[in-house]
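This report refers to the structure that appears directly beneath it.
The values are calculated or read from the model by the stated rules, or taken from the named source; none is laboratory data. Note that this is a predicted model, so its numbers are computed, not measured. Neighbour counts run over all protein chains shown; Cβ positions are idealised from the backbone, glycine included.
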Amino acid sequence: MASPTFIHLRVHSEHSLLEGAVPVKKLPKLAAEAGMPAVALTDTNAMFAALEFSDYASKMGVQPIVGAQMDLCYLPPEPGRQPYKPAPVVLLAQSEAGWMNLMKLSSCAYLSDANGDGMPQVTLDDLERHSSGLICLTGGPDGPLGRLLRQNQRAKGEEFLRRMAAIYPNRLYVELQRHPIDGGLPEAERLSERPTIELAYALALPLVATNDVYFPDEKLYEAHDALLAIAEGAYVDQSGPRRRLTPQHYFKSQKEMATLFADLPEALENTVEIARRCAFKVPKRKPILPRFADNEVEELRRQAQEGLAARLRVIPHAAPVEEYEKRLAFEVGIIEQMGFPGYFLIVSDFIKWAKSQGIPVGPGRGSGAGSLVAYALTITDLDPLRYSLLFERFLNPERVSMPDFDIDFCMDRREEVIRYVQGKYGADKVGQIITFGAMLSKAAVRDVGRVLQMPYGQVDRLSKMIPMEGVKPVSVTKALADEPRLREEMRAAEVVKRCMEYAEQLEGLLRNASTHAAGVVIGDRPLDELVPLYRAPGTDDMPATQFNMKWVEQAGLVKFDFLGLKTLTMIENAVKLIRQTRDLHVAADGTQLYDPAPGTENDILAIPLDDKSSYDLFSRARTVAVFQVESTGMMDALKRMKPTCIEDIVALVALYRPGPMENIPTYCEVKNGTRELEPLHPTIDHILKETQGHHRLPGAGDADRAGHGGLLARRRRPAAPRHGEEDPRGDGQGAAQVHQGRDCQRRVRQEGRRGLRPLGEVRQLRLQQVPRRRLRPGELPDRLAQGEPPRRVHGRRDELRPASHGQACGLFPGGQEAPPDPDGSPLREPLAGRVLGRGRKARLWSRRAQERGRRGHEADRGRARGPALCHGLRHGPSRGPQEGRQAAARDAGPRRGLRRARPQPSARPRIARRAGRLLGRGARAEGLLPGEPLRRGGRRPAGAAPARHARLGRARTSGRGVQGRGLLPHRPPARRLHGHAQAAGGLDLRRGRAARAGWAAHRQDRWHRRLPAGEEERPGQPLRLRLDVRPHGAVRGDPVQRGPGGGPPAPRARRPRGHSGRGHI
């Protein structure tokens, strides 16, 4: 390679959030292609990618120069004036001492508020304290020197330059930049360049030329300009002032820079000199932990032996004591060999403290449950020998990696444990871990569309056209290739083309920084001596590392996961509710559920795992809000599997993930005896018997490869006796929480309404909105059912309570009750919706679906789920679409003043969009009005006042009475029916002309006045009606059923003067 003539010393990567657009992995490649043996990374006020960049560059044969662009408070604030706006300078690490000082300065910028405005910045005093091993560039035309010279403050500029030269002797370079546009330099560069050169020559300071790089290629200028507008919340084409760069801020070649600075060749040569002086690579370190004891190995062995002895005194032995001790000695030896005794002691210490403070801690999760040492130290609560879990899956000398315990704490008290750790090891030695949010395709389209001032509806439509791939959207490039609608939108509008092009170029860049939800690091020294630190500007949060989870471990810090789990909080609340009236092992009726061991009467971890009632609930998928088994797919799998032991739940949790999911049907069939177990080989069939022939169930205690690739597998031991009975097979990998949640849920149901929390607290329990949820309203106070329920609650109920208003049940024609579910509980349909379904099982859509249906959303439009609803809800076999339309025409016949039913073009007949109101205040008020609103017109009952006439339409149920059946409303209907109605046998639910014709006959010919004896009609009096309707399936000419007290129709009265003859129905 020829001798370089220029090296880039000022480059902003994507880690200059919403400012730089150079990917870190691409930067070394750009330098190599340009023939540069070295390149610098100087992100704004950050070192987020320092270790990552150093590693990637060195692997590609490019010398990394690690630095940062720091905002400097270069002038002290003057009394009565606002502080000066900080200006940037560039600091480059020349050696390890410089790297240490650079980390100190970067941490200081975030942790100390130097200017009082909460923004990251450093002072001259900070630079003076941490100057060793650093090379400083003055910042160019927008740096402190350039700003002072542009303001004609040459004296202050010279004073600043002299002080900087004293802070960095022989390591200060006066920076020059040239970004020509339209044949000349920008104003800042033009005004500051000459006085800067003169001052540098006067003070005998060297010059250096830089190009402030923000994007890799000139073609990305417009997209980068949109990125700056996104950062400032501005518009690309706005006339007001905003930050703008030039198209010259790209990664230029050596030849281009030589042309720009042909008159100052020494400024180019100094870039190569600086690169040679910065011969330093960010080091990687082995794991560093605080020392827990003088002799950690002996301390670990002592605590493990004492803990195992305490465990064996209270648990049933799954193996001889000698085997427990042999396994313990083996694990301690591996832990000592790999150098992790301190890790186990630290984790055990804060878990023991949490348990001593009454903070719920999870029983164990992940591969750590396979460690007997962890079980003895109370880190986990699962006996690995009882469940044949493998220690090699957690720690393996042939696969050197840090141990990682995922520790669950009560969500409400997690911060208490973190504060304990800070107090024990020092607040400056404990920190969180940073994480970054990327600008994915959908977000990029929305952000770019906003700064291009596109209408929100248009941007929203474009974003929704990008398909999802799992939980993430596909890239813009792939979406444009696969989605013809996007290409059509680009051809139709130029602004859409700009939006998609910019989004494609910006996609994948980092957008924001936040903290990891659970990760905490603990060091043996102040963390800013190992990694730079970060704190969100304007907050007092715990400091976080500037390296993300992947790179913080390579910097030498060990991650501890402090997970906040709501399930533990719910279990704790349930236990407290039960303990208000009884012990855990006593049922609500006083019967004893199980015989607890001494000292474990109210220990939720000591409940038996063979409770048949709990497994019956699992088999019926009554698992709403139960950890790990609450999704719709998991509930379907539970119904199919019908678990009878904890191992079934363990296997299902292990199978329910992409890939193994396809084996769930086979597993269930073999378990339930509907399919023969296919043997693989006699030597392993006994091992695979418990998992129904499925080997390598991930997450269920599967063995890793250890040694030289040998597959380790252990046969599960039979259960040890417990109080004279066989101990149930138990859990592995966190399934005990599932059983505990299920058990607490069952016991709270047995308690009834007694001891429930106040209504306000009950309503705060949000249930995930998923179809086919199940709920037992009998568990809740009556006032909750009568009031406004949580909007997310869907479900079913187990029993009808006739005297309770608002309790839901199935709505079926002819006044029949909903058919029972296979488990014996009547149907409870989803809330406040429309009639849908197949056959007799009518289903009601939610109000949200109604609203989308009214707006024409095709996916949520009211459609019948089968031909059975072609004319409403019928009994007996379903009719096909064509036969249904013919029957509708035959049943209805011509009626004056009514529209003809339009034929359905689709094979899937539609049902009316608008759900009617449930009428009735009588003893058996049930049934729905026809789904589609009736055409206005026709005659109303004689003498009825128009203002008091019933308006029917998009109202929800308002039924009351002894057995008022209806839907549980979200809120009271906007309008109520003025009057009382009694339905004889239910209202006609037929669809189309048949329904309208039947109602028209009733409207025109079947009105009957019912006034008490001696009472006269008065204007404005509420209208009392008896609705006589034909039974379902009736055709023209069939006799009409009469309601209670029925009789012949009353004669039609003359229309009052001034009435138009138009009804309100």
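Summary table
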quantity	calculated
Long-range neighbours under 6 Å by Cβ, at least six apart or interchain, first residue assigned to a loop (DSSP other than H, G, I, E, B) within the stretch 83-98, second of a type in the set (Gly, Ala, Ser)	Gln94/Gly133; Ser95/Gly133
Test for Ala279: is it of a type in the set (Gly, Ala, Ser), loosely packed, with under 13 Cβ neighbours inside 10 Å and farther than 30 Å from Leu389 by Cβ	yes
Among (1) part of a loop (DSSP other than H, G, I, E, B); (2) modelled with pLDDT under 90, the one test that Leu605 misses	(1)
Out of Tyr343, Tyr375, Tyr324, Tyr387, sole residue that is farther than 28 Å from Val430 by Cα, touching a residue at least 24 places away in the same chain (Cβ under 8 Å) and in a helix (DSSP H, G or I)	Tyr324
Any hit, the stretch 252-266, residues being of a type in the set (D, E, K, R), over 19 Å from Leu137 (Cα atoms) and crowded, with 16+ Cβ neighbours inside 10 Å	yes
Near pairs, Cβ below 8 angstrom, 6+ apart or cross-chain, from the stretch 54-82 (of a type in the set (Asp, Glu)) to any residue that is assigned to a loop (DSSP other than H, G, I, E, B) and modelled with pLDDT of 90 or more	Asp55/Val282; Asp55/Lys284; Asp71/Asn45; Asp71/Pro86; Asp71/Pro120; Asp71/Gln121
Filter pass, Asp142 being in contact (Cβ under 8 Å) with a residue 12 or more places away in the chain, surrounded by fewer than 23 Cβ atoms within 10 Å (Cβ to Cβ), closer than 29 Å to Glu256 by Cα and not β-branched (Val, Ile, Thr)	yes
Every residue from the stretch 1-16 that is surrounded by 21 or more Cβ atoms within 10 Å (Cβ to Cβ) and either acidic (Asp, Glu) or part of a loop (DSSP other than H, G, I, E, B) (or both)	Phe6, Ile7, His8, Leu9, Arg10, His12, Glu14, His15, Ser16
Filter result for the condition that a residue is assigned to a loop (DSSP other than H, G, I, E, B) and either surrounded by 19 or more Cβ atoms within 10 Å (Cβ to Cβ) or assigned by TED's automatic domain parsing to the domain that holds Thr477 (or both), over Leu568, Leu584	Leu584
Residue check for Pro316: in contact with a Lys or Arg (Cβ under 9 Å, 6 or more places away or on another chain), over 28 Å from Thr569 (Cα atoms) and surrounded by 21 or more Cβ atoms within 10 Å (Cβ to Cβ)	no
Selection count where residues are of a type in the set (Val, Ile, Thr) and closer than 22 Å to Tyr235 by Cα, scope the stretch 477-503	2
Subset of the stretch 105-120 [out of contact with any helix residue (DSSP H, G or I) (no Cβ under 6 Å at 6 or more places or on another chain) and either of a type in the set (Phe, Trp, Tyr) or touching a residue at least 40 places away in the same chain (Cβ under 8 Å) (or both)]	Ser106, Ala109, Tyr110, Leu111, Ala114, Asn115, Gly118, Met119
Residue in the stretch 661-673 that is at pLDDT 75 or above, within 29 Å of the chain's Cα centre (by Cα), over 21 Å from Gly364 (Cβ atoms) and exposed (fewer than 13 other Cβ atoms within 10 Å of the Cβ) present	yes
Those residues of the stretch 206-229 which are surrounded by fewer than 19 Cβ atoms within 10 Å (Cβ to Cβ) and farther than 29 Å from Ala503 by Cα, in sequence order	Pro206
Those residues of the stretch 609-623 which are out of contact with any Asp or Glu (no Cβ under 6 Å at 6 or more places or on another chain) and either without any contact (Cβ under 8 Å) to a residue 60 or more places away in the chain or buried (at least 19 other Cβ atoms within 10 Å of the Cβ) (or both), in sequence order	Leu609, Asp610, Lys612, Tyr615, Asp616, Leu617, Phe618, Ser619, Ala621, Arg622
Residue that is surrounded by the most Cβ atoms within 10 Å (Cβ to Cβ) [pool: residues in the stretch 518-560 that are small (Gly, Ala, Ser) and in contact (Cβ under 8 Å) with a residue 24 or more places away in the chain]	Ala544
Among residues of the stretch 250-264, those that are within 17 Å of Pro37 (Cα to Cα) and hydrophobic (A, V, I, L, M, F, W, C), counted	3
Any chance Glu159 is in contact (Cβ under 8 Å) with a residue 40 or more places away in the chain, more than 44 Å from the chain's Cα centre (by Cα) and either surrounded by fewer than 23 Cβ atoms within 10 Å (Cβ to Cβ) or under 24 Å from Cys278 (Cβ atoms) (or both)	no
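Every residue, every condition in (1) outside any loop (DSSP other than H, G, I, E, B); (2) basic (Lys, Arg); (3) surrounded by fewer than 20 Cβ atoms within 10 Å (Cβ to Cβ), yes or no:
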site	(1), (2), (3)
Met402	no, no, yes
Phe409	yes, no, no
Arg413	yes, yes, yes
Glu416	yes, no, yes
Tyr420	yes, no, yes
Gly423	yes, no, yes
Asp428	yes, no, yes
